[in-house]
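Reviewing the structure listed below.
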Amino acid sequence: MSKINNLKMEEKELVVDVTTLLKWSRSPVGIIRTQLEFVHYLIANDRTVKYFRFNETKDALLEVSFNEIQQQVTHLLNYKNKTASSHHNIKNESISTSIIDFGILKKVWRVYKNEGWRPLAIKICKNICTEKQLDMLKKVYIQLFLESKSSPSKENLKKSIETILFSPEIQLANVMDVDFLTKNSIVISIGLDWDYSNYPLLYWLKQKIGFEFVGAFYDGIPIVYPELVQSDYFSKMFFSHIYYLTHLSDRIFCISDYSKQQLKEIYKAHQISKYPQLKTIHLGDSVFKNEVQAISKKRGHKKDYVLYVSTIEARKNHLLLLKVWQKLQKEQFHNLPDLVLVGMYGWGIDDVQELYQNDNDLKKIIHFYDDVDDEELVTMYKGSKFTVFPSFVEGWGLGAVESMLYGKVCLISNCDALIEATQGLMPALPPTDVDLWADMIKDFVSNPNALDEYAQIIRQDFKSRSWAEFSSEFAEFARGET
Amino acid sequence: MKKILQLSTYPITQPLHGGQIRVSQIRKYFEANNCQVKSLSLSEMSHSDYDPKDDFLLAAHELSERVDVHFCTDFATSLLSTAGKAYEFLKKNIHNYSPDIILLEQVWLWPAIKKLLDGGELSKEVMLVYSSQNIEYKTKRLLLESHDINGTEVDTVINGIYKLEKDLCELADMVITCTSTDADEFIAMGAKKTIICNNGVERRKITPDVSVQLQLDLNGRKYALFVGSAYPPNALGFWEMMGDSLAWLPPECIVLCVGGVSSILESYMPEFAKLYSYVSMDRIKKIGFVSEELLASLVDNASVILLPITIGGGSNLKTAEAIASGRPVVATTTACRGFDFVTKLNNFVVTDDQAVFIQGIRGFLYAGTQHINDIEEIGLRESVYWEESLTGLKEVGLRS
């Protein structure tokens, strides 16, 4: 009997961070979709899995009930674009009695560091904390604030090194009691962790408790191509995320061989010789059931059109397409299809807008839509002649795969991840060569056989992968079974 | 009792950076050997600790107006030393003190002394000693090159420093150097006699309470210790040897940066490395100036001491301290100049290869060290204490 108990004690238990899912109130795409499908799979297949989330100030880990996560997953799976989400709001939880309010600690610490503001810091402390909270804060470091008086210079030096070496996350981890985490836990976190998680805190908790950690690497674009992201700040913050992901994780799943290679190159460039086990696990690509069934027509396109579904931002290379259509228009190419660009407006598109606004002819054949709902998108895919995806760099390229799921040929750029995502079946061109793109589009329009050949290839060779397949493979990997 | 006059371009009332410490130790050595010593300086106004009686402060604008090239306030001091109130200050003090020996700590105030000698204001009987810290014209050239500072004005400065050094070498009764390499160079420049006095270190006492508190503050984290002054090559060398980022250091390992270099380290981070600055600056804890007690504890508890300087001459005070500490060291060959015996020491990695440098640090942080009990090695490490390293100075006494 005791043997059985011992064996049971050693069983590993999955504990999944669902902060991102619980915070999400829009259409679940990309990373959110991945996390959603994985949690959906776990809910259906493994009732032993535990779930948790970070609080708003990211200084407490709160267990999430099965019902709560099940409700949110159902909501997101049935989510219809353009509907307001009122289903789930993150509640402002009160300060846990077992956990110190890290937000207060940080704020007071910042104030206290400036000598002139110390009386203010003490006042804040007394005003904002209950006696109980104050007691807890004292356990960490706050008592230093309150007991401090003007000190001799030697004392100041001592204080100064204390201040410099002070790590809120270490202190917090030391006093924190997270009863749903044990050394047999395998913590899985694959959401928008740079925004919603606190990896340093998890790192020190892991040191204390000894659990395993499994993370995700979607792509390293903000680090490898900082010029293609909106701000330096994001790249810096993202590198910090990768740093902690690397040192925190036992295993990391990469969404493509390309992204795995990218991560290895980052490690090499930064002389990180010891890193977690990496495995490529391709994402699922089946579309939502309700998307497939939905055929509503809101915006009719009588003329043939080519479709590009992607956020409109610098990295996605819409400029190339505008130049291609401009060139074909000037050449008076017969039967030039319209170009339909569907996606939210992002950053770095001044040149796209300038070219578009200054060319009235172009406006007649290129259409930007940023208000297409999921149902209409299905219609748009189905009605398109073919699709394009000229992005400079991608971690995977779900958009191109989605096109193939609708049986539509996708003319892609030759970036590695897009070739990998489309299983090497789609025509690929350099993302900067306007002439080559123009020639290929002319060929597809004037020579239907060329397009049909690729469509035939999709029908014969394209292997769709279900999200359940992805989830099952990932769960195995997370458990350390592969 | 011999009367010795030290001349420098910084006060030594509170010796913090390497140059100040060396000058201060030389003074202590002579005082311990029955000499009377007076230390005068023409210093930049940025020094907060000084003796108004012995230190004449020069305004920053005066210096920059004289030589409009970065990092050349010492050479500007040299040019300003021969006129105006600065010259009068030196002349008056030297006249009143009437030294037997003048010890020029670095070359910078030589023009003033030469003017006094040429004008008969100073007896030709006075023994003249050039107490060098490195080959100044070469060090300056490397420093300016490393900051991409060049042009005809730079050439003028470098030539000017070379002429000063050569002139002083030829006329000085002896030249004190930090390394044998420097000695060879000065001989080639016309030095009549050279004495090698490596930089050294004072014996430090560990205060157990300070160490205990340090361990509490560290919370189990291990650290590499980097001690340096706000001398640009310290910061430049650090980034050159530590890589594009410090992401290779796990969260439980940090670099503790002590001394003036703390204040300049971030500003010398290479442009391309700024993308990784959140991680790098999170790994580096800039401690700044610390008490002797704390420094002793920081050295004693370090998993490894870093000596990453890649340009500069002379011998490095920090190297002597690292050798004496017995703690593991990872150093560049430049940092070890003047301490050739370090190749015989255990737990001492010397390399100019960035990857090997990092590997060395990692090894000491993770794997720990081997205990040193070899008598010869202990002897070598003992040789870097000031009382040993400055023994050559007795020749100054014999000749005078």
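The values are calculated or read from the model by the stated rules, or taken from the named source; none is laboratory data. Everything numeric here is computed off the predicted structure, so don't read it as measured data. Reconstructed Cβ throughout: ideal geometry from the backbone, glycine too, with neighbour counts over all protein chains shown. All accessible areas refer to the heavy atoms of the entire protein, side chains included, with ligands and DNA or RNA removed. Shrake-Rupley method; radii C 1.70, N 1.55, O 1.52, S 1.80 Å.
Can you tell me which residues in the range A:260-275 are away from chain B (no Cβ under 11 Å) and either modelled with pLDDT under 95 or out of contact with any Ser or Thr (no Cβ under 8 Å at 6 or more places or on another chain) (or both)?
Passing the criteria: A:Gln261, A:Gln262, A:Leu263, A:Lys264, A:Glu265.
With the requirement that a residue be more than 14 Å from B:Leu307 (Cα to Cα) and more than 14 Å from chain A (Cβ to nearest Cβ), what does the range B:339-363 give you?
Of everything in the range B:339-363, those that are more than 14 Å from B:Leu307 (Cα to Cα) and more than 14 Å from chain A (Cβ to nearest Cβ) turn out to be B:Asp340, B:Phe341, B:Thr343, B:Lys344, B:Leu345, B:Asn346.
Given the criteria in contact with a Ser or Thr (Cβ under 7 Å, 6 or more places away or on another chain), within 14 Å of another protein chain (Cβ to nearest Cβ) and farther than 22 Å from A:Tyr244 by Cα, does B:Ile305 qualify?
no
Can you list the helices (runs of 4 or more DSSP H) lying wholly within the range B:1-103 that have 2 or more residues being exposed (fewer than 14 other Cβ atoms within 10 Å of the Cβ)?
B:18-32, B:60-66, B:84-97
For A:Tyr243, are the conditions met, namely being aromatic (Phe, Trp, Tyr), part of a helix (DSSP H, G or I) and more than 29 Å from A:Ser25 (Cβ to Cβ)?
Spelling it out, A:Tyr243 is indeed aromatic (Phe, Trp, Tyr), part of a helix (DSSP H, G or I) and more than 29 Å from A:Ser25 (Cβ to Cβ).
Give me the pairs: first residue in the range B:95-110 and on the phi > 0 side of the Ramachandran plot, second residue open to solvent by less than 10 Å² (accessible area, probe 1.4 Å) and β-branched (Val, Ile, Thr), beta-carbon distance under 9 Å, and six or more apart or on different chains, which are they?
Pairs that qualify, where the first residue is on the phi > 0 side of the Ramachandran plot and the partner is open to solvent by less than 10 Å² (accessible area, probe 1.4 Å) and β-branched (Val, Ile, Thr), are B:Gln106/B:Val23.
For the range A:402-422, check the following and say yes or no: at least one residue is on the phi > 0 side of the Ramachandran plot, open to solvent by 10 Å² or more (accessible area, probe 1.4 Å) and modelled with pLDDT of 90 or more.
Yes, that holds for at least one residue.
Could you check how many residues of the range A:450-481 are among the polar types (S, T, N, Q), open to solvent by 60 Å² or more (accessible area, probe 1.4 Å) and either under 25 Å from A:Leu319 (Cα atoms) or modelled with pLDDT under 95 (or both)?
Looking only at that region, the number is 1.
Report, ordered by the first and then the second residue, all pairs with beta carbons closer than 6 Å, sequence separation of six or more or different chains, a first member in the range B:161-182 that is open to solvent by 10 Å² or more (accessible area, probe 1.4 Å), and a second member that is not aliphatic (A, V, I, L, M).
B:Tyr162/B:Tyr137; B:Leu164/B:Trp110; B:Glu170/B:Gly190
If B:Arg283 satisfies every condition in (1) within 10 Å of chain A (Cβ to nearest Cβ); (2) touching a residue at least 40 places away in the same chain (Cβ under 8 Å) but one, which is the exception?
(2)
Please determine, by comparing only the residues of the range B:230-262 that are surrounded by fewer than 22 Cβ atoms within 10 Å (Cβ to Cβ) and part of a loop (DSSP other than H, G, I, E, B), which one is farthest from the other protein chains (Cβ to nearest Cβ).
Top of the filtered list is B:Tyr231.
Give just the number: which of (1) closer than 28 Å to B:Asp217 by Cβ; (2) surrounded by 21 or more Cβ atoms within 10 Å (Cβ to Cβ) does B:His371 not satisfy?
Single failed check for B:His371: (2).
Just to be sure I understand, how many residues within the range A:333-388 are charged (D, E, K, R) and surrounded by 15 or more Cβ atoms within 10 Å (Cβ to Cβ)?
The total comes to 7.
What tally of residues in the range B:279-333 results from selecting those that are in a helix (DSSP H, G or I), within 17 Å of B:Ser263 (Cα to Cα) and open to solvent by 30 Å² or more (accessible area, probe 1.4 Å)?
Going through the range B:279-333 one residue at a time, the tally reaches 2.
Open to solvent by 10 Å² or more (accessible area, probe 1.4 Å), in a helix (DSSP H, G or I), away from every other protein chain (no Cβ under 11 Å) and in contact (Cβ under 8 Å) with a residue 12 or more places away in the chain: is that true of A:Lys206 in this structure? Quick ask: steps written out before the conclusion?
Values: open to solvent by 10 Å² or more (accessible area, probe 1.4 Å): yes; in a helix (DSSP H, G or I): yes; away from every other protein chain (no Cβ under 11 Å): no; in contact (Cβ under 8 Å) with a residue 12 or more places away in the chain: yes.
The answer is no for A:Lys206.
If I go through the range B:57-98 residue by residue, how many of them are of a type outside the set (A, V, I, L, M) and touching a Ser or Thr at 6+ places or on another chain (Cβ under 7 Å)?
3
Within the set of pairs 6 or more residues apart or between chains, which connect a residue that is within 28 Å of A:Glu212 (Cα to Cα) inside the range A:230-245 to a residue that is modelled with pLDDT under 90 with Cβ atoms less than 6 Å apart?
Qualifying pairs under 6 Å: A:Ser235/A:Val229.
Of the conditions (1) farther than 30 Å from B:Val129 by Cβ; (2) touching a residue at least 40 places away in the same chain (Cβ under 8 Å); (3) not basic (Lys, Arg), B:Ile195 fails just one. Which one is it?
Of everything listed in (1) farther than 30 Å from B:Val129 by Cβ; (2) touching a residue at least 40 places away in the same chain (Cβ under 8 Å); (3) not basic (Lys, Arg), B:Ile195 misses just condition (1).
Within the set of pairs 6 or more residues apart or between chains, which connect a residue that is more than 13 Å from A:His282 (Cβ to Cβ) inside the range A:413-426 to a residue that is among the polar types (S, T, N, Q) and open to solvent by less than 10 Å² (accessible area, probe 1.4 Å) with Cβ atoms less than 6 Å apart?
What qualifies is A:Ser413/A:Ser391.
Can you tell me which residue within the range A:209-259, out of those that are aliphatic (A, V, I, L, M) and more than 14 Å from chain B (Cβ to nearest Cβ), is surrounded by the most Cβ atoms within 10 Å (Cβ to Cβ)?
My answer is A:Ile255.
From the list A:Thr422, A:Thr482, pick out the single residue that is touching a Cys at 6+ places or on another chain (Cβ under 9 Å) and hydroxyl-bearing (Ser, Thr, Tyr).
On inspection, the qualifying residue turns out to be A:Thr422.
Just the residues that are surrounded by fewer than 22 Cβ atoms within 10 Å (Cβ to Cβ) and either among the hydrophobic types (A, V, I, L, M, F, W, C) or not in a loop (DSSP other than H, G, I, E, B) (or both), please, taken from the range A:50-71.
A:Lys50, A:Phe52, A:Leu62, A:Glu63, A:Val64, A:Phe66, A:Asn67, A:Glu68, A:Gln70, A:Gln71
Mind counting the residues in the range B:210-229 that are touching a helix residue (DSSP H, G or I) at 6+ places or on another chain (Cβ under 7 Å) and more than 11 Å from chain A (Cβ to nearest Cβ)?
8
So is A:Ile295 at pLDDT below 95, open to solvent by less than 40 Å² (accessible area, probe 1.4 Å) and not polar (S, T, N, Q) or not? Outline the logic, then answer.
Numbers: at pLDDT below 95: yes; open to solvent by less than 40 Å² (accessible area, probe 1.4 Å): no; not polar (S, T, N, Q): yes.
Answer is no for this residue.
Looking only at the range B:350-368, filter to residues that are open to solvent by 40 Å² or more (accessible area, probe 1.4 Å) and of a type in the set (A, V, I, L, M, F, W, C); which one of those is farthest from B:Ala32 (Cα to Cα)?
So the residue we want is B:Ala355.
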